[in-house]
Amino acid sequence: MTSYNLLILPGDGIGPEVAGEVEKLVAWFSNRGTVRFEVEKDLVGGAAYDASGLPITDETMQRALSADAVLFGAVGGPKWDGVAYDVRPEAGLLRLRKDLGLFANLRPAICYPALAEASALKREYVDGLNLVIVRELTGGVYFGEPKEVVTLENGEKRAVDTQIYTTHEIERIARVAFELARRRQGRVASAEKRNVMKTGVLWHQVVSEVHKDYPDVALEHILADNCGMQLVRNPKQFDVIVTDNLFGDLLSDVAAMLTGSLGMLPSASLGAEDLVTGKRRALYEPVHGSAPDIAGQGLANPLAMIGSFAMALRYSFGLVQEADLVEKAVANVLAAGVRTKDIAAPGAPTVGTAEVGDAVIREL
Ligand code: ATP
Ligand code: MG
């Protein structure tokens, strides 16, 4: 039987609490005897800093590089506010992203019928919504040089950011989007602003070129501003949206509000394929942070973390049936009215982190 190597990095705040519920799921699958996981756990963020003075050690990084997938909780919190910039908890995640070469960020926006009331839109617009935004993560205006504020001779200041994309960077993110669409509804919308940006012109050209390798996938080019409008006007028209780092940041936050709650959103970050093993490096994490305000109280919603684990099952392990099973169980738990406080209607009864995890396992 194939064995899948999963590295769990729970981190800080509610990270360990929500990661604990995934460990229960892993145990459930292992007891069932059809899949075998080899799970390792390690420190990251403030927890790692407290133990070693670093937000991630070289040994942990080695483990991450050799794992089939990394499941990351959340890092940071007020306890580490005074820590030096280079070793702050967040630097642990940044190193993971960099050393794993994670260039593609996948953020699904799924609106569960049971939670449609919490959406920023009316139920009829979001009930059944299921789209994924594929955001380029390592290029564009976030990293382009020059990036500076200069004082001019007349005393005025001028700020510069530089948007840069190469053919290679666009091609590899486009392939991720087309491959993903193939396993979904077969539709990609590529969002840029070729009407005002040269990077948009190249983006449009390269995505069209890559599309020739995916004739079974429908491609639509859309201006990024129009894409934002369409997300609010009629989000169900989309399957996969591929876009650059900056537009992806904005569009994925808009999409998040269509689904209702931060505690519900999983994400995946994919990297290059390992030259030796051919496996794609990947890190899965909930979109939410360490939520210091509710940490340690057993109140956190574990569904974003459980959804991130389901994405690992699907994309890193190829365990499509198991991923479907987990996602179906989550939908059923919500339909049965099980709610942590963040997704409950005012005054409605709520349960804690462990009860949600237990309810998911009962559904499985
Ligand atoms: P970061 O900078 O680490 O992303 P943040 O400031 O964006 O952190 P979060 O830590 O995500 O914020 O928390 C924002 C709010 O959402 C907090 O009030 C927190 O309690 C709540 N929240 C976040 N995640 C969850 C969750 N899984 N369950 C319940 N509430 C949550
Ligand atoms: Mg945040």
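The values are calculated or read from the model by the stated rules, or taken from the named source; none is laboratory data. In this text, all values refer to a predicted model and were calculated from it rather than measured experimentally. Don't worry about glycine lacking a Cβ; one is built from the backbone with ideal geometry, like all the others, and counts go over all protein chains shown.
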Suppose we keep only residues that are under 29 Å from GLU117 (Cα atoms) and within 16 Å of the chain's Cα centre (by Cα) within segment 270-300. Which one would you say is farthest from ligand 2 (Cβ to nearest atom)?
TYR284
I'd like to verify a number: residues in segment 270-286 that are surrounded by 21 or more Cβ atoms within 10 Å (Cβ to Cβ) and either within 7 Å of ligand 1 (Cβ to nearest atom) or outside any strand (DSSP E or B) (or both), how many?
1
Which listed residue, of ALA295, ALA323, is assigned by TED's automatic domain parsing to the domain that holds GLU90, out of contact with any strand residue (DSSP E or B) (no Cβ under 7 Å at 6 or more places or on another chain) and either under 27 Å from LEU180 (Cα atoms) or surrounded by fewer than 17 Cβ atoms within 10 Å (Cβ to Cβ) (or both)
ALA323
For segment 216-237, how many residues meet the condition of being surrounded by 21 or more Cβ atoms within 10 Å (Cβ to Cβ) and either in the same structural domain as ALA64 (by TED's automatic domain parsing) or under 28 Å from LEU93 (Cβ atoms) (or both)?
3
Only unsatisfied item for ASP253, checking (1) modelled with pLDDT under 95; (2) within 16 Å of ligand 1 (Cβ to nearest atom); (3) more than 28 Å from THR162 (Cβ to Cβ), is (3)
Those residues of segment 287-330 that are touching a Ser or Thr at 6+ places or on another chain (Cβ under 6 Å) and either away from ligand 1 (no atom under 16 Å from the Cβ) or polar (S, T, N, Q) (or both) come to a total of 1
Whichever residue in segment 90-127 is farther than 17 Å from THR57 by Cα and among the charged types (D, E, K, R) and, among such residues, is modelled with the lowest pLDDT:
GLU117
Does any residue of segment 145-156 turn out to be part of a strand (DSSP E or B), closer than 24 Å to GLY271 by Cα, among the polar types (S, T, N, Q) and outside the structural domain of LYS328 (by TED's automatic domain parsing)?
no
Give, as residue ranges, the strands (runs of 3 or more DSSP E) completely inside segment 34-111 that count at least 3 residues that are of a type in the set (A, V, I, L, M) and surrounded by 15 or more Cβ atoms within 10 Å (Cβ to Cβ).
69-74, 104-110
Name, by its number, the condition in (1) in the same structural domain as THR138 (by TED's automatic domain parsing); (2) among the aliphatic types (A, V, I, L, M); (3) buried (at least 21 other Cβ atoms within 10 Å of the Cβ) that does not hold for ALA304.
(1)
Checking the conditions here, which among ARG339, ARG314 is charged (D, E, K, R) and touching a helix residue (DSSP H, G or I) at 6+ places or on another chain (Cβ under 8 Å)?
ARG314
